[in-house]
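S.K.: This is the structure I want to talk about, given as structure tokens.
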Amino acid sequence: MSRVSEPEFEQALNELTSTLAPFLEKNPSYEKALKIVQIPERIITFRVVWEDDKGEAQVNRGYRVQFNSALGPYKGGLRLHPSVNLSILKFLGFEQIFKNALTGLSIGGGKGGCDFDPKGKTDNEIRKFCYAFMQELSRHIGPLTDVPAGDIGVGGREVGFLFGAYKKYTNSFSGILTGKGLSFGGSHIRPEATGYGLVYYVSWMIKHVEGAEAGWKGKKVLISGSGNVAQYAAEKVIALGGVVLSLSDSKGTLLSTSPEGFTNADIAAIGPMKVAHKSLTDYHQSTSELKSKFTYHAGARPWALVEKADVALPSATQNEISEDEAKALVKAGVKYVAEGSNMGSTQEAIDVFEATRTSAKAVGDVVWYAPGKASNAGGVAVSGLEMSQNSARIQWTREEVDEKLQTIMEKCYNNCFETGSKYTKETGSALPSLVAGANIAGFVLVADAMKAQGDWW
Ligand code: GLU
């Protein structure tokens, strides 16, 4: 039988499978669950015809992968990017299953999107596209069935249009999307949640390695990306006393040359520019002060550009750290790598980081790696909280949501750490594997619920 090649999905599956080995050795009956969980419950693909500003018909491919509903309604974002295909959405949906399990909330896993390119489109075209996309998607989602949200290319503006379209087509106002505007069922802290949650997760890693009093003060932080995740991660790092050295986009990296790094004013200015799909060079070139405060590195990612850094937070897209870049991070003295993006590191890069862990004599020698499905779970966690608020028709305060987010990230970290310790604390290794811990903990939660519901026996 010939098989369709799905490189990104196969990579995500292989990452999970390889780290499950020590668990499956002790629990061989779960091999069956692994075989079953890797096939989506349902995939919907559809045609999206929309009208551009010239009145012409444009066509794109739309998808929703409803991967697993053992723990709750399918939950996961929508990605709008020309690279979108089934392999990418299956990898994202697969990751989402275990990530969502790690939040401890009642949410299954799914992902969707379209090969539509939002770059260069007018607001009117974005709105027309969102309405056309939802015309078909609305048949397949619902507050108890499947609740999409944002991902690359889908922010507050797009969620608003998609929500309005769903309401018109179905004549119902309900929590069918998360990331909504605050005035129509959105949750406080949802835009910030992925970036903040990432920083909260790493705070626990730092405390574990350097002691309970340790934190971000003075830490040099490389961040890639400049979208929603990167911006709020940067904002939180700055608030906690860290120094943000870099942000990047598909065209290149902006590197700070000043000791204070990126400031809140920089982040506040970059946010709206990114919504308008402008590039970081436009920001860099906008004043002479900025020209001297940053250097711009066309075509480069941040990882090999500095001689010294402490933390790396890949927050752009999948496979954004190669093996060589991972080695450059080790050489620069980075001690913590945590993904704000999904599958930010290639398997070869993960192998480089994990090798520092198994060979280290002391905790200080480890470049400790946290996979996105654990460290970026804060976004979908607050989506889960948005669903709860919608069901109860209430809105929690900013402080209430932030506190719940912090608790979820702490529990997620502890779960990864403890499960990792149980299965991977090889003799002599200084720290447990957080990637194995995340994968095993997430997998067991999902597999057990599937078994209880008769999905495998
Ligand atoms: N796209 C985000 C993720 O990768 C959020 C999904 C959601 O909120 O449903 O987790």
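S.K.: What is the gain in length, in nm to one decimal, between Thr257 and Thr295 on full extension, counting 0.36 nm per residue of separation less the C-alpha to C-alpha distance?
M.R.: 13.0 nm is the gain from fully extending Thr257 to Thr295.
S.K.: Could you order peptides 405-411, 125-131 by the average number of other Cβ atoms within 10 Å of their residues, highest first?
M.R.: 125-131, 405-411
S.K.: For the chain, what is the mean residue ellipticity at 222 nm derived from helices alone (per DSSP H run of n ≥ 4: -39500 (n - 2.57); sum divided by total residues; nearest 500 deg cm²/dmol)?
M.R.: Using -39500 (n - 2.57) per qualifying helix, the result is -15500 deg cm²/dmol.
S.K.: Now for a different question. About its Cα centre, how strong a charge dipole does the range 217-307 have in debye, to the nearest 20, once Lys and Arg get +1 and Asp and Glu get -1 at the Cβ? Before the final figure, lay out each step's value.
M.R.: Values: 10 positive and 7 negative charges, 32 e Å.
The dipole of the range 217-307 has a size of about 160 debye.
S.K.: Considering only Ile267, Gly384, Leu305, whose Cα is most displaced toward the positive end of the charge dipole of the range 253-392, charges sitting on Cβ of Lys, Arg (+1) and Asp, Glu (-1)?
M.R.: Of the listed residues, the answer is Ile267.
S.K.: Just name one of Ile440, Cys416, Leu405: the one whose Cα is farthest towards the positive end of the charge dipole of the range 377-452 (beta-carbon charges, Lys/Arg +1, Asp/Glu -1).
M.R.: Value: Ile440.
S.K.: Here's something else I'd like to know. What length, rounded to one decimal in nm, is gained on full extension from Lys331 through to Lys425, with 0.36 nm per residue of separation minus their alpha-carbon distance?
M.R.: Gain on extension, Lys331 to Lys425, equals 31.4 nm.
S.K.: So, one more: Which length gain, in nm to one decimal place, applies between Glu213 and Leu182 when the Cα-Cα distance is subtracted from 0.36 nm times their residue separation?
M.R.: Length gained between Glu213 and Leu182: 7.6 nm.
S.K.: What nm distance separates the two modelled labels at Ser359 and Leu144, each placed 7 Å from Cα along Cα→Cβ?
M.R.: Between Ser359 and Leu144, the simple spin-label model gives 5.6 nm.
S.K.: Determine the percent antiparallel among the DSSP beta bridges restricted to the chain, to the nearest 5.
M.R.: 55 percent
S.K.: To the nearest 20 Debye, how big is the dipole of the chain about its Cα centre, given +1 on the beta carbon of each Lys and Arg and -1 on that of each Asp and Glu?
M.R.: 620 debye
FYI, it's all coordinate maths here, none of it is from the lab. Values in this document were obtained by computation on a predicted structure and should not be read as measured data. Glycine also receives a Cβ, built like all others from the backbone with ideal geometry; neighbour counts cover every protein chain displayed.
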